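To keep things clear, I will list the structure first and then write my remarks on it.
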Amino acid sequence: MTKTATPQSSGGDVRLQGISKTYGSFTAVHPLDLTVPAGSFFALLGASGCGKTTTLRMIAGLEEPTTGTVELAGQDVTVLPPYKRQVNTVFQNYALFPHLDIYENVAFGLRRRGVKSVKKQVEEMLDLVQLGPMARRKPQQLSGGQQQRVAVARALINHPQVLLLDEPLGALDLKLRRQMQLELKRIQTEVGITFVHVTHDQEEAMTMADTVAVMNGGRVEQLGAPADLYENPATTFVANFLGTSNLIEAEVVEAGGDELLLKAADAKLRLPAARCSASARTGEKVLAGVRPEKVALRHADDAGSITEGHNRLPGRIKDASFIGVSTQYVIDVPGLGELAVYEQNIERDGRLVPGAEVVLHWSPAHTFGLDATQDIQAGADLDEEAA
Amino acid sequence: MTTTETPAPPQEQTAAPLEVRKTPARKRLVPYWLLLPGILWLIVFFAAPLVYQASTSIQTGSLEEGFKVTWHFATYWDALGEYWPQFLRSVGYAGIATALCLLLGYPLAYLIAFKAGRWRNVVMILVIAPFFTSFLIRTLAWKTILADGGPVVAALNSLHLLDVTSALGITEGHRVLATPLAVVCGLTYNFLPFMVLPLYTSLERIDPRLHEAAGDLYARPATTFRRVTFPLSMPGVVAGTLLTFIPAAGDYINAELLGSTDQKMIGNVIQSQFLRVLDYPTAAALSFILMAAILAMVTIYIRKSGTEDLV
Amino acid sequence: MAASSTTATTAKTTATTAPTNGRTPNKGLRWLRRNIITLAGLGTLGYLILPNLVVMVFSFNKPNGRFNYQWQRFSTDAWTDPCGVADLCGSLGLSLQIAVWATVGATVLGTMIAFALARYRFRARAGVNTLIFLPMAMPEVVMAASLATLFLNMGIQFGFWTILIAHIMFCLSFVVTAVKARVMSMDPRLEQAAQDLYASPTQTFLRVTLPIAAPGIAAGALLSFALSFDDFIITNFNAGSTVTFPMFVWGSAQRGTPVQINVIGTAMFLVAVLCVVVGQLAGKRRKRS
């Protein structure tokens, strides 16, 4: 075994260069370059079948890349089998050994590396995840949340350079998932190990990760900090998959300055040139996007009081659903279809009921522009699909 | 999963894979090494003998002079001409025994799967435990149970049932032993567990809530059984009937121990031709016909019942 | 679609009329109707166990003639002297010996095949599956006669080895089926997790795969033992003059059945039941603690 005897406590960086994976004629992952800095919390986000798990498995060594190389902390490990890599995985559904008790599950990695006295370390680890009294139970006697913590303990006890998490919270209910998200984030900050986290849950990715890579069809669509991805999506897929976006088909009528002037149906919209990822010469089509919570509603009678310079669109309320913190409206805008608007429930205007004529308005700074040749529906309704 | 069309993102590269890795040959050979000894065993001691037997069936000669392949296909016609009653009897007895096994075994499997509750393990043990007394001893026990002066025959006699069965030709006079009834009874008994266990396995997989759902949707218990339970247990029914019919059709123990010369089945003929008469070509031809007939029947049956994935 | 909705409506109309029929105060008949399946099942169970009871009762018989088919009077002679009949215990020992070796052989070979089938993709897979399935779909008498033909033509002496070869042959398929089912239902991520936790392929196999597949292997081995120990037809053709326990019983059906046969049959039955009960109790206790 070529493994270093004394594991480093700090994380290592992961560098993927041109790695791809094909199964017969199907390409699961297109050639991909990716660097995960040491000590960061990195999320691979995408719908099922987008190649995110395959990418993770190539880092773990469970899948050999068809092309390209994997480097861990500066060392090329592309052809190294999983048991010789300083990487551990928290598997989807945990993959706890059913024939071993919790103690032996956690001790498994240490024993395989020939560590003589594992007792102290295992007990400390079990205490860390608050499972000390459960040590002699079998995995199937534990609840989902407890099994998840065993899986984390079993991986972390080896002090890997990188911890890989494959949908680690997918099997838990919503409340427990929230709790475990915070817990995992806390552990990551504490131990300083590089975490690479695969998930289909955009909220989970944004809550936990420093950097998120959104994958679709075997490719990385966009990579960045969560807030950056959310505010400045580069593709319709990212715009629709991360949260919800209103995408409006528009034509550039004036370009050249800091601001583009667009024409959508009969309305004029303004878009900061810096926030348009597509080429936008006069006469070209672009998609103007705006997040529902950035849009405000005003009853048509009060349209005169809207702040000067805001983008405006007239419409009629089609549907309104009250969900506590906010009210979600579906507005029918003539010529543009249906747009979503989320209004905070601070001062509710009693006239904003289905059928009412309204004006939508928002600050041009919140508008983003996308290439109009894309599928406008890409990534919509995908995020809730089970991975 | 809907794949959505998106334009190529910026990092898309021209398809120029540098080097494509392949699994090393050593690794690809692992399954063949695992298979080798066992498969070789089956080829040498199962498949090859069948070929050998096929060749024996067209040989002529005698024990003293030895046998030679003379492409003597007449052996087949002679064998069929002489022993067709035994063939028909085998198929008939095995068919009736299989039907009886299904009829008797289904309630028992159902009982274990849905009604036994905490007695389930006990009943299971009672089904399997008899296996551990040699089946020849148990078959001999039927000689006692069905004995001419025994309580069973006495009871059947007092109910005049034996008169009915005699009229139907399945018993003779006032006795059960050495009649078709005894042989079929023994066959049914011997292969009943092979019916009950697969039936139980497939019944046990049925979610009991399906019964409630059917009841909720206005199905009476009988309808629930016909429309829900029985269709879902089909894999067990198919496996059970095969596991019962195939060995029953080739059996010669029940006919030998419980029947008379009038109940000889094809298994008895093969056994005596091979071990007593030492007419190997005839024995080979007969077992070849039996094998072909059973394989044909099994294939048709599996096709008809639509459970090809059974294998 | 149309057909199913029609049946639903007819079922509904009958359902509404059902209570009027059910109100007939014949309690006994209603009880009978509700429990008919249980009664039928218990009846079948009785049919299955009756011969065992007869074997047990007749192990205390003292028959007048050579055959133990008619009850005469109570005696424990056979129980106090189970080996009192010539060749009986020798044949029993031989059967046990053959069963043990056949189990070992079939379990090792069968487990290897099962792993290859469950874990690897390779060519000739369909052919291998057919070769495994056929012995189970073949009447024993056909396999028995053809294998004996081979031995005859090869001039191989019938005896212990021919019996063992035959038994391994027909037990193999059952082991493959039992083990394959278990390995297939095993989550492949468990082995990946072991590799991820620094277990080499050998360690992974010994520490994870084998222990998890163990119940399937045990089931296959147990089945092999029972099949081999109890086999008559294939042994009948391939034993020559060697006498296993079933062959002894077969022979005694012609020459005269000693009571000792019933003693051994009963003892095996009781030992088996005892093993199962002890195993179950041990399992329960382990679960509780």
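Nothing in this text is a laboratory measurement; each read-out follows from the coordinates by a stated rule. For clarity, every value in this text was computed on a predicted model and none was experimentally measured. Cβ placement follows ideal geometry from the backbone for every residue including glycine, while neighbour counts extend to all protein chains displayed.
Show me B:153-159, A:219-225, C:209-215 ranked by packing, highest mean number of other Cβ atoms within 10 Å first. Please report the intermediate quantities before stating the final value.
Numbers: B:153-159: 13.6, A:219-225: 20.7, C:209-215: 16.3.
In decreasing order of mean packing, B:153-159, A:219-225, C:209-215 become A:219-225, C:209-215, B:153-159.
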Exercise. For the range B:114-169 and the range A:317-387, what is the separation of their C-alpha centers, rounded to whole Å?
Worked result: 76
Seminar exercise, completed: Inter-chain shielding metric for C:181-192, i.e. average beta-carbon neighbours from other chains within 10 angstrom, reads 3
Seminar exercise, completed: Toy charge model, Lys and Arg Cβ at +1, Asp and Glu Cβ at -1: the protein assembly as shown dipole around Cα centroid in debye, rounded to 20, equals 3440
Exercise. Let a ≥ b ≥ c be the square roots of the eigenvalues of the Cα gyration tensor of chain B; is it rounded (a/c under 1.5), or, if not, prolate (a/b larger than b/c) or oblate?
Worked result: oblate
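What percent does the relative contact order of chain B come to when contacts are Cα pairs within less than 8 Å and at least six residues apart?
24
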Exercise. What residue among B:133, B:179, B:171 has the largest mean-square fluctuation in a Gaussian network model of chain B, using Cα springs under 10 Å?
Worked result: B:133
Exercise. Is the shape of the range A:29-69 rounded, prolate or oblate, going by the alpha carbon gyration tensor and its root eigenvalues a ≥ b ≥ c, with a/c under 1.5 for rounded and a/b larger than b/c for prolate?
Worked result: oblate
For this session: Assign unit charges at the C-beta atoms only (+1 for Lys and Arg, -1 for Asp and Glu), then state the dipole size of chain B relative to its Cα centre in Debye, rounded to the nearest 20.
Result: 840
Exercise. Given 37 °C and 0.692 mPa s, how large is the Stokes-Einstein diffusion coefficient of the range C:88-257 in µm²/s, with Rh as the Kirkwood radius over Cα pairs?
Worked result: 188
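Counting only helical runs of four or more DSSP H residues, what would the 222 nm mean residue ellipticity of the protein assembly as shown come to if each run contributes -39,500 (n - 2.57) and the total is spread over all its residues? Each step should come with its number before you reach the end.
Numbers: 36 runs with 492 residues, N = 987.
The helix contribution divided over the protein assembly as shown gives -16000 deg cm²/dmol.
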Exercise. Hey, rough spin-label estimate for residue B:26 and residue B:165, points 7 angstrom out along Cα→Cβ, what's it come to in nanometres?
Worked result: 6.9
Seminar exercise, completed: The residues A:230, B:280, sorted from fewest to most surrounding Cβ atoms within 10 Å, come out as A:230, B:280
For this session: Show the residues, 5+ positions off or on another chain, whose built amide H is closer than 5 Å to the amide H of residue A:89.
Result: A:164
Problem set entry | GNM top mover of A:324, A:51, A:335 - chain A, alpha-carbon springs below 10 Å | A:324
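When the Kirkwood radius is taken over all Cα pairs of the protein assembly as shown, what Stokes-Einstein diffusion coefficient follows at 20 °C and 1.002 mPa s, in µm²/s?
On the way: Rh = 34.6 Å.
Once the numbers are plugged in, D ends up at 62 µm²/s.
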For this session: Classify chain C as rounded, prolate or oblate, taking a ≥ b ≥ c as the square roots of the eigenvalues of its Cα gyration tensor: rounded when a/c is under 1.5, otherwise prolate if a/b is larger than b/c and oblate if not.
Result: oblate
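Can you compute the charge dipole magnitude of the range A:246-371 about its Cα centre, using +1 on each Lys and Arg Cβ and -1 on each Asp and Glu Cβ, nothing else charged? Give it in debye, rounded to the nearest 20. Kindly include the intermediate steps, with their values, before the conclusion.
Details: 14 positive and 19 negative charges, 24 e Å.
The dipole of the range A:246-371 has a size of about 120 debye.
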Exercise. Going by how many other Cβ atoms sit within 10 Å of their own, how do B:185, C:89 line up, fewest first?
Worked result: C:89, B:185
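Over the Cα atoms of the range A:246-371, compute the convex hull volume and normalise it per residue, giving Å³.
For the range A:246-371, the hull spanned by Cα atoms encloses 101 Å³ per residue.
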Exercise. Can you tell which of A:353, A:247, C:214 lies farthest toward the positive end of the dipole of the protein assembly as shown, using +1 and -1 charges on the Cβ of basic and acidic side chains (Lys, Arg; Asp, Glu)?
Worked result: C:214
For this session: Return the long-range amide H neighbours of residue A:171 (sequence gap of 5 or more, or a different chain), with a cut-off of under 5 Å between placed amide H atoms.
Result: A:93
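Assuming R0 = 25 Å, can you tell me the calculated FRET efficiency for the pair residue B:78 and residue B:296, based on Cβ-Cβ distance, to the nearest 0.05? Before the final figure, lay out the partial values.
Details: r = 21 Å, r/R0 = 0.86.
It comes to 0.70.
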Seminar exercise, completed: Looking only at lysines whose Cα falls under 28 Å of residue C:27's and that sit 8 or more positions away or on another chain, we get B:115, C:12
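Residues of C:128-140, mean number of Cβ from any other protein chain within 10 Å of their own Cβ, rounded to a whole number?
Numbers: counts 5, 1, 1, 7, 4, 2, 7, 4, 5, 10, 11, 18, 6.
So the per-residue partner count for this stretch is 6.
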Problem set entry | Residue-wise HN-Hα coupling along the range A:210-218, computed from phi with Karplus coefficients 6.51, -1.76, 1.60 (Hz; x: Gly, Pro) | 7, 10, 10, 10, 8, 10, 8, x, x
Problem set entry | In order through the range A:261-266: 3J(HN,Hα) via Karplus (6.51 cos²θ - 1.76 cosθ + 1.60), integer Hz, x for Gly, Pro | 10, 10, 10, 10, 6, 9
Exercise. In a GNM of chain C with a 10 Å cut-off on Cα contacts, which of C:239, C:166, C:40 has the highest mean-square fluctuation?
Worked result: C:40
Exercise. Which ³J(HN,Hα) values, rounded to whole Hz and listed in residue order, are derived for the range B:38-55 from phi using the Karplus coefficients 6.51, -1.76 and 1.60 in 6.51 cos²θ - 1.76 cosθ + 1.60 with θ = phi - 60°, glycine and proline given as x?
Worked result: x, 5, 4, 4, 5, 5, 6, 9, 10, 6, 4, x, 5, 5, 4, 5, 4, 6
Seminar exercise, completed: For residue A:294, counting only aspartates and glutamates whose alpha-carbon sits under 13 Å away and dropping same-chain residues fewer than eight positions off, the answer is A:231, A:343
Problem set entry | Exposure proxy ranking, count of Cβ atoms within 10 Å, fewest first, for A:163, A:176, C:29, B:136 | C:29, A:176, B:136, A:163
Exercise. So which cysteines of the protein assembly as shown have no other cysteine's Cβ under 4.7 Å from theirs?
Worked result: A:50, A:276, B:101, B:185, C:171, C:275
For this session: Quick one: how many lysine pairs does the range A:1-128 have with C-alpha atoms less than 26 Å apart and a gap of 8 or more or different chains? Give me the count, please.
Result: 10
